[in-house]
Each structure stands twice: as C-alpha cells, then as structure tokens.
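Only one structure is covered here, and it is reproduced in the block below.
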2 protein chains.
Amino acid sequence: MHKSEYLFSQKTVTCYFDAEFSHLRDLVKDASIIIVTDENVFNEHAKKLSVFPVIKFPAGEAFKNQTTVDHVIGELIKLGAHKNTFLVGVGGGVVTDIAGYVAAIYMRGIQFGLVPTSILAMVDAALGGKNGIDVGVYKNMVGTIRQPEFIFYDYAFLATLPVKEWINGFAEVIKHACIKDALLFKILEKYSLHDYQTDKTLIAELIEKNVEIKNGIVTQDEFETGERKLLNFGHTVGHAIENLHSIPHGHAVSIGMIAACNLSVQMNNFHANDAAKIVRLLAKYHLPVDVETDHEKIFEVLKMDKKRKGNGVQFILLKNIGTAEIQFIGFTDLQKHFKEIV
Amino acid sequence: MHKSEYLFSQKTVTCYFDAEFSHLRDLVKDASIIIVTDENVFNEHAKKLSVFPVIKFPAGEAFKNQTTVDHVIGELIKLGAHKNTFLVGVGGGVVTDIAGYVAAIYMRGIQFGLVPTSILAMVDAALGGKNGIDVGVYKNMVGTIRQPEFIFYDYAFLATLPVKEWINGFAEVIKHACIKDALLFKILEKYSLHDYQTDKTLIAELIEKNVEIKNGIVTQDEFETGERKLLNFGHTVGHAIENLHSIPHGHAVSIGMIAACNLSVQMNNFHANDAAKIVRLLAKYHLPVDVETDHEKIFEVLKMDKKRKGNGVQFILLKNIGTAEIQFIGFTDLQKHFKEIV
C-alpha cells in the first residue's frame, strides 16, 4: 500500500493505492464504520464487507434517486448513526455518489470514505467530491460538492468486474487523455483492453495516472469556476443521450465525445485527422461511435443542462489531442450544427 | 437601510437592516430571482412578492420535509432555473430552512438570500447557514451548513405577524441573553412583549443586537466544533419535546431551557436564584414553563439527538446568566436526573 495526498479547500484527501479492504479499520480510528453498497457488490463480496454493518440498495443507475437516499437515511437512523459515524461507500459510481451525498446531508454532514470497485469509479466518479442523484430524466440534478476523507484502491475488486463495466470505465480514461494528456493517448493506442484486464501492473499504473490527472484539475478548481469544466468534455451531449436512452454512462460519453470532436472541427480548428484518431481509439476499446436518436428531444434535455448559461451552454471543445478549452455556444448556433454532429 | 458584513469560511454574508423588499432586485445583479415562500406569507404579501416568480408550499413545521423539497425542486426545473438563478426565501424558519437547503443541493448549489418575516427567523433561523428538514420525528436530521449571500430585514413584515409568533421568537432572544449577554437579560426584564410590538426603534435595536450575538458566535465556529454548540442551550430536551408534542418551537425551547437550568443547578453550581429569574422572564414573555409529558419517550428521542456522542450527549449548561458551557453528560447520569428537571 502507498498513498498520495491531495489538498482541497476544506480538507486533505488521501488516496491509498494497492490497498486491501481489510486495512480499512486501521484508517478510521475511534469511529463506527457503516458500509453503503449495492446488492451486486454485496453479493460478490459479502464476506469481506460483513465485518461492518452494511446498508444495501438495488444496483443500477435507475436507483440513483431520492427513494434510495430516503432508504439509506432510514437505515442510518435505525442503526443509531451519529455525528461520529464514518460512512464508507463500496461500489461503482452510483454507490459512491449516493454515499457521498448521504454523508453530506445526514445530520448536516458526517465523515465518509470511498472504496471504488469499478474502473469508472476508480478513475472518475469517486474523485473530486461531486455527489448526487438524478431527478427524473435530469442527471445529477441534485447533490453537493464535498470531499471524502479518503479513497481506497483495492484492485482485487476488479476481478469480478464484468467486461461491459471495463469498457464503460475506459470512456473516462480516454476523456482524460483527450483533454489533458497526449502521452496517455499514445499509451492507450499502444495497448488494448485485454492487456489492461490481464496485466495488474499496467492497470495499476493507468489508474494512478488517471487519479493524478483528475485530482490535478479538481484541486485547482474545486467548485468548477473554470478549469474543472474541462472534465465535462463529452458530457453535455452525453448526459442528454443517457437520459433518453437507457445506455451505460461510458457509451453515452463516447458518443458525446465524438459530437464534441465534430463540433471542435467545425468551430475550433480542431484537425479532422485527430478527430478520426479519437473515433478509432474509442472503437478499439469497444465503445460505440454512433447512436440512433431523436435530435429534437436530445436538444430539449440539453437545454436543462447544469452547464447552461442563459441562452446557450458552456461546451468543451478540443484544440489538439491533450488540449481542451471552454467555449460558450448559443442554442441557435448549436441547433444549426446539431444534426451533423450527433 | 444600513448593513453589517460577517466573514464566514467561504463567503461574506451581508445583513441589510431597515430595508425594503422593493430594493431586493438592486442587490441581485444579472441573476434571475425566484422566490420561495409559504402560503401564509404569500397570502398576506402577494402583491409585494409577485414581481418575481414564486414557488409556494403549505405553511407549518409539518411541511419541513422531503416532500416539500421535492416539490420546490420540481418547480425550479419547470421554471428552467439554472446555475445563475438566485433563490430568495421569504418567510419564517421553515421557509428559510427549506430555501437554504434546496439552494445547497439544486444543481450542486446555487446562490441564495433570505428575507426572514418572523422574529424567530430574524434573530435565529435565518442566521448561521444551518438549513435542513425533519425526518419523521427527528428534527433537522438532514441538511447542510451553507451561508446565504445576504439576509434582508424588512420590519414591515412584522406588522402581520400573529402574537403567538412574537412569543415564539422571544424564546431564542432570551436564549441569547442567557448564554452570552447579561445586559440583554436586564433589558428584557425591563421591557415587555407589548413594548417591543409597539415600539419600532426598540424592536429594530433588539433584532440587530441578536443578529450580532448569533453571528459573533457562528463566525468564530461555523461548523460547530466548540463555541457554536452553546446555541443549543435549551434545544436538546427542547427538540425531543417538540418531536413528541405538537407545540411551537419557542414553547419547546422554553421548557428545554428550564430543564437545562435545573440541570445546571444540580450539576454546574448554577445559582437557584438565577434559574428562578430565567423562569420568571420566560413567563413574562408568555412562554410556557412546564409541560405534561412522557419522560421515557422523550428520553428515547433524546438518544438520537445530533449532539449525541457515544453513550451520552453534549449538554449546554449555564454557569451564570450570560455565561454557558458545554458539558458531556452520560445517558445514565442524565436518566437519574431526568424526572426532576423536565
């Protein structure tokens, strides 16, 4: 086990790498730990988790809602959880979002830690302190930004991760490469998903690299006034598509990134060859590169995006592979290009 | 209109005194204002408020819950509220708590301001950034601590405040005097509720003084690690009583303060004469000084109090009138004294 510390506005977050779940108790002194997880993760790892009280909820994005939050809060009350209780979310992005949100609001805030068990949660969802739930079709419409005490990387959890979840996670890895790291992009071109699934050193290195990229951005701009917006690359159109079609987050982001690439070619002098490279890399990692969709409906949802500002939206466009920028695009302009980009 | 600024950890909060509601728009530049209020306040002040879009919910503590939060969030979505929307809560403590909480979680946080319309909200609920909702019998079980941009004091709202709400608010005024300000205690002994209801200068001075006391404490200890706990004087037993009996917050706090005074006499060398003075002052301001209650049930609810720490609770006891301190009291000790103090 080794660790990296990241300084946020209100606290230092410690990331423990190559860690083992059994060491968790040593990290949380004098506090009673309660685990929050979903039924899938619990069924796979019941023995590991059951040394602590466990609150479970059904797996899947459909349960990232207020009903689940009400359930977790009800269970915390039943367990007599108090200000000194330490909540630990063990699971994928839905679990880490719910755990962080409940910890932010229960008794006006209790301490929490995260044990991400999917690639997506390890490289993205568990990092940066954003938490929350969906409201109807609107993704993450409600939530807070609040950092955990720690993030705990036990790669043993990846052994039971389904292939489709590996693919899902690589969308965010490719996103990081596109907006911040041309070298990472080349490395991803060199290896394959199969390489990462079978080589423990390779995946450990990749995850640490991605933690560094994301935390590097978020520590600079925790409350998303500038730099942090770059992480929304692919997520504006992506979220809208995810709302309307029941497809995995990574798939939606893949299509969203291609839309943003096309828009970057049209409006930001991004080279068409580079856009093509990104499409090839996404396809190589088994991510979808197009979708049949209702453009008008998507556009309606997009208008309610959190990144909306008056009569347009702050879009993340590429300049080169590895360099992104924020551009305000009016809805009228966007609508003009919309059918060609998605 | 004149103002005082208070520096909190993340922002400066401006209190505008002797202000007029019509000046609200000048304070919030380049943002679209949405008002949140309850039906009572709206019915009394419909004309004043309707220059902005208004979200209403039924009045009363019974509506300080998740259902109301869901309703307000649904209305915000319908109104197309975005990151740049400015939420303004106009009302008593329930409204200011709901407005602050929704602003904290909608789109992971939007700006907000408060226009308290009751004595209780003016001297207490609107100040300090605590927001939240009740969960079943548990008061403020869910919420956050997050400061508004401003608090706006338009005393014209007091003209329509029912007498029982004046009485309700004076419980917190007397609390401030007991824990922090012996001189204020003497002033309260000198005047009567009727004096404050009829003399505009007197009530304006009293409110400013109480804003100063509360903000003085909260700016020192925003996240309640020490000093701020003093404000819980009367609220430990008070909240438990409020949960079990449908009585106004001020009534419950009055009885809770008397319980804390009795405990202070028994365990903290607080003078019995001073305890008697406090009982007389509460009675003078028409607050109840005893209640028929089920001691065992109260004790059960008290065990779930947010101020619980392991096998006891952090109780606020008086040393003198104007000086309070935090004492940990084990549940076994507390139970021993319990029937004599409540």
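The values are calculated or read from the model by the stated rules, or taken from the named source; none is laboratory data. If you're wondering where the values come from, they're calculated on a predicted model, not measured in any experiment. As a convention, Cβ positions derive from the backbone with ideal geometry for all residues, glycine included, and neighbour counts pool all protein chains shown. For accessibility, only protein heavy atoms count, side chains too; no ligands or nucleic acids. Shrake-Rupley method; radii C 1.70, N 1.55, O 1.52, S 1.80 Å.
Here are a few things to note about the model shown:
- Test: residue in segment B:310-332 that is within 14 Å of chain A (Cβ to nearest Cβ), touching a residue at least 12 places away in the same chain (Cβ under 8 Å), open to solvent by less than 10 Å² (accessible area, probe 1.4 Å) and not charged (D, E, K, R): yes
- Residue pairs whose Cβ atoms lie under 8 Å apart, separated by 6 or more positions or on different chains, with the first residue in segment B:213-225 and open to solvent by 30 Å² or more (accessible area, probe 1.4 Å) and the second hydrophobic (A, V, I, L, M, F, W, C), are B:219/B:7; B:219/B:8; B:223/B:145; B:224/B:145.
- Residues of segment B:91-102 include at least one that is free of Cβ contacts under 8 Å to residues at least 60 places away in the same chain, within 14 Å of chain A (Cβ to nearest Cβ) and not charged (D, E, K, R).
- Among the residues making up segment B:263-280, those that are surrounded by fewer than 19 Cβ atoms within 10 Å (Cβ to Cβ), under 21 Å from residue B:183 (Cβ atoms) and either hydrophobic (A, V, I, L, M, F, W, C) or touching a helix residue (DSSP H, G or I) at 6+ places or on another chain (Cβ under 6 Å) (or both) are B:276, B:279.
- Single residue of segment B:144-166 satisfying the filter (of a type in the set (D, E, K, R) and more than 10 Å from chain A (Cβ to nearest Cβ)) that is least open to solvent (accessible area, probe 1.4 Å): B:154
- Here residue B:264 meets each of (1) part of a helix (DSSP H, G or I); (2) closer than 22 Å to residue B:167 by Cβ; (3) in contact with a Leu (Cβ under 6 Å, 6 or more places away or on another chain) with one exception, condition (2).
- Of the criteria (1) more than 21 Å from residue B:190 (Cα to Cα); (2) touching a Phe, Trp or Tyr at 6+ places or on another chain (Cβ under 7 Å), which one residue B:321 fails: (1)
- Meets criteria (away from chain B (no Cβ under 14 Å) and touching a Ser or Thr at 6+ places or on another chain (Cβ under 6 Å)) for residue A:126: yes
- The selection criterion, being without any contact (Cβ under 8 Å) to a residue 60 or more places away in the chain, farther than 27 Å from residue A:246 by Cβ and assigned to a loop (DSSP other than H, G, I, E, B), holds for residue A:270.
- Within segment A:1-33, being within 25 Å of residue A:218 (Cα to Cα), within 14 Å of chain B (Cβ to nearest Cβ) and not polar (S, T, N, Q) holds for A:8, A:11.
- Matching option when the condition is open to solvent by less than 30 Å² (accessible area, probe 1.4 Å), among the hydrophobic types (A, V, I, L, M, F, W, C) and within 20 Å of residue B:135 (Cβ to Cβ), among B:260, B:252: B:252
- Within segment A:132-143, residues that are more than 7 Å from chain B (Cβ to nearest Cβ) reach partners that are among the acidic types (Asp, Glu) and part of a strand (DSSP E or B) with beta carbons closer than 7 Å, at six or more positions or on different chains, in the pairs A:140/A:134.
- Of the strands (runs of 3 or more DSSP E) lying entirely inside segment A:9-118, those containing at least 2 residues that are over 23 Å from residue A:139 (Cα atoms), open to solvent by 30 Å² or more (accessible area, probe 1.4 Å) and hydroxyl-bearing (Ser, Thr, Tyr) are A:12-17.
- Candidate set from segment A:285-309 (those that are without any contact (Cβ under 8 Å) to a residue 24 or more places away in the chain and surrounded by fewer than 17 Cβ atoms within 10 Å (Cβ to Cβ)); member that is nearest to the other protein chains (Cβ to nearest Cβ): A:309
- Filtered residues of segment A:135-167 (kept if closer than 24 Å to residue A:16 by Cβ and assigned to a loop (DSSP other than H, G, I, E, B)): A:144, A:146, A:147, A:148, A:149, A:153, A:154, A:161
- Residue in segment A:222-239 that is more than 15 Å from the chain's Cα centre (by Cα) and more than 14 Å from chain B (Cβ to nearest Cβ) present: yes
- Every pair of residues 6+ apart whose Cβ atoms lie under 7 Å, when the first sits in segment B:69-80 and is within 9 Å of another protein chain (Cβ to nearest Cβ) while the second is at pLDDT 95 or above and part of a helix (DSSP H, G or I): B:69/B:98; B:69/B:101; B:69/B:102; B:70/A:66; B:73/B:102
- The combined condition, being touching a Phe, Trp or Tyr at 6+ places or on another chain (Cβ under 7 Å), open to solvent by less than 20 Å² (accessible area, probe 1.4 Å) and assigned to a helix (DSSP H, G or I), is fulfilled by residue B:170.
- Filtered residue count, segment A:186-231, keeping only those that are assigned to a helix (DSSP H, G or I) and under 16 Å from residue A:7 (Cα atoms): 11
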